[in-house]
Every structure is written in structure tokens, then in C-alpha cells.
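The values are calculated or read from the model by the stated rules, or taken from the named source; none is laboratory data. Not measured: the values here are computed from a predicted model. Every residue, glycine among them, receives a Cβ derived from its backbone with ideal geometry; neighbour counts consider all protein chains shown.
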Amino acid sequence: MIIIGLSGKAQSGKSTAASYIALHLHGKYDKQVQVIGFADHLKTMASTIFGWDGQKGETGRFLLQKIGETYRAKKPSYWIDNVEIWTELHPEMGALIIPDVRYLNEAEWLTTTMREKGHQTALWRVDMAGYEGLQGNRGKHASETDLDNWDFTGYISAPKGSLERLYTVTTLAVDSFLEQP
């Protein structure tokens with residue numbers, strides 16, 4: 001299975017890039033593709049248990065960060081385990097895109113553990129030039145800074161608001177990744 005993880009600051013274009021990767025892998029390479037975030041289960045919990053409305057304003061992001069921290073404190077691999085179980089249940093899937101790799105243990109799981117299990121993996125940093133990320137305490141949270149010094153497999157960068165350029169650099173990254181020896 002191809003597993004591509006995306007990292008970047010909040011609202012940097014990770015979800016959009018994940019959609020473009022999925023479309024390209026399916027259209028050009030005829031791969032069955034699933035996009036699953038480490039935080040998907042967290043968001044379901046926040047909505048079901050706490051009535052979160054899906055908005056990532058100050059209150060919503062605070063709620064998500066607190067729930068995530070609570071579970072990570074009890075079991076650091078909690079969110080990773082949900083995604084790994086999915087990969088084991090769906091070996092027929094051609095590709096998995098994870099649009100929210102935010103922590104060192106998530107990056108290590110993707111680039112080391114899953115590669116050792118025979119998956120073709122990449123971890124790319126997504127950046128929208130001209131966007132600085134969250135401000136204040138939310139921007140200093142570990143989920144925003146833990147991978148600031150990571151040595152990424154590649155980078156996807158486009159000017160803020162340039163979806164056409166983001167699509168182009170994303171599809172070029174996919175082609176380069178899949179066509180390397």
C-alpha cells in the first residue's frame with residue numbers, strides 16, 4: 001500500500017492537497033484511495049460526546065487539542081492505532097492519504113514502522129506561502145510545532161489562495177514519488 005502523510009500548520013492546505021493526491025492516484029494510477037486523518041476519530045468523539053459543531057475557531061480547536069492531549073497522555077499511540085488497524089483491515093486498498101501528521105510519533109510510525117511492514121511511504125510538508133499559521137497559544141501548541149524540525153521526504157508549497165498551483169505541485173510530487181527507482 002502507498003501511504004502518504006501530510007504535515008503543516010493549521011489551514012495550510014493539507015486537506016486540499018490530500019484531495020488532489022487522492023484524485024491523481026485514482027485518475028492516473030488507477031489506485032483505490034482512502035483519505036483518513038489521525039484526528040478523524042477525535043473529531044467524531046468531539047461531535048458525539050461534546051456537541052462540537054465542526055468549527056475550528058478558538059473554542060473548537062481548544063476542544064480538539066484537549067481531547068487529543070488527554071488520550072495521547074494515556075496512550076501516545078492511541079490515534080495512530082486507529083489508522084494502523086484500518087490498514088490491516090483493508091489490505092486491498094492501493095493508497096492511504098493521512099492529511100494530519102502532526103506529532104513525532106506519527107511521523108516515525110509512518111516513515112519507519114509502516115515502511116518496515118512493506119508499505120511505500122512518504123511524509124510531505126504542506127506550506128501556503130504567505131500564511132503564518134495560528135497565532136497566540138494555539139499556534140504554539142505541540143500539534144502545530146512538533147514537526148517543525150523534521151526532515152520531510154518532500155515539500156508541497158504554493159502561494160496562499162492559488163489552488164491551481166497547489167494542484168500542480170501536488171500532482172508533480174506524486175508522480176516524482178511513484179516514478180523514483
Study note, to complete from the structure: Scanning the range 13-27 for residues that are touching a Leu at 6+ places or on another chain (Cβ under 8 Å) and hydroxyl-bearing (Ser, Thr, Tyr), the one surrounded by the most Cβ atoms within 10 Å (Cβ to Cβ) turns out to be TYR20
**Study point:** Qualifying position, being at pLDDT 95 or above, among the polar types (S, T, N, Q) and not in a strand (DSSP E or B), among SER19, SER12
**Key:** SER19
Exercise for review: Filter the range 41-77 down to the residues that are assigned to a loop (DSSP other than H, G, I, E, B) and basic (Lys, Arg), then identify the one that is surrounded by the fewest Cβ atoms within 10 Å (Cβ to Cβ).
Suggested key: LYS75
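Residues are listed down the side, and each one gets a yes or a no for (1) closer than 20 Å to SER12 by Cβ; (2) modelled with pLDDT of 95 or more; (3) in contact with a Gly (Cβ under 7 Å, 6 or more places away or on another chain):
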| residue | (1), (2), (3) |
| --- | --- |
| PHE62 | yes, no, no |
| GLU69 | no, no, no |
| ASN82 | no, no, no |
| TRP86 | no, no, no |
| ALA95 | no, yes, no |
| GLU132 | yes, no, no |
| HIS141 | yes, no, no |
| GLU144 | yes, no, yes |
Exercise for review: Assess whether ALA10 counts as being surrounded by 15 or more Cβ atoms within 10 Å (Cβ to Cβ), in contact (Cβ under 8 Å) with a residue 24 or more places away in the chain and in contact with a Ser or Thr (Cβ under 9 Å, 6 or more places away or on another chain).
Suggested key: yes
Review point. Do the conditions hold for ASP148, that is, is it closer than 24 Å to GLN120 by Cβ and acidic (Asp, Glu)?
Key: no
Exercise for review: Could you check ASP30 against (1) surrounded by 16 or more Cβ atoms within 10 Å (Cβ to Cβ); (2) of a type outside the set (A, V, I, L, M, F, W, C); (3) closer than 30 Å to GLN120 by Cα and say which number it fails?
Suggested key: (1)
Review point. In the range 61-95, which residues are in contact (Cβ under 8 Å) with a residue 12 or more places away in the chain, out of contact with any helix residue (DSSP H, G or I) (no Cβ under 6 Å at 6 or more places or on another chain) and of a type in the set (Gly, Ala, Ser)?
Key: SER77, GLY94
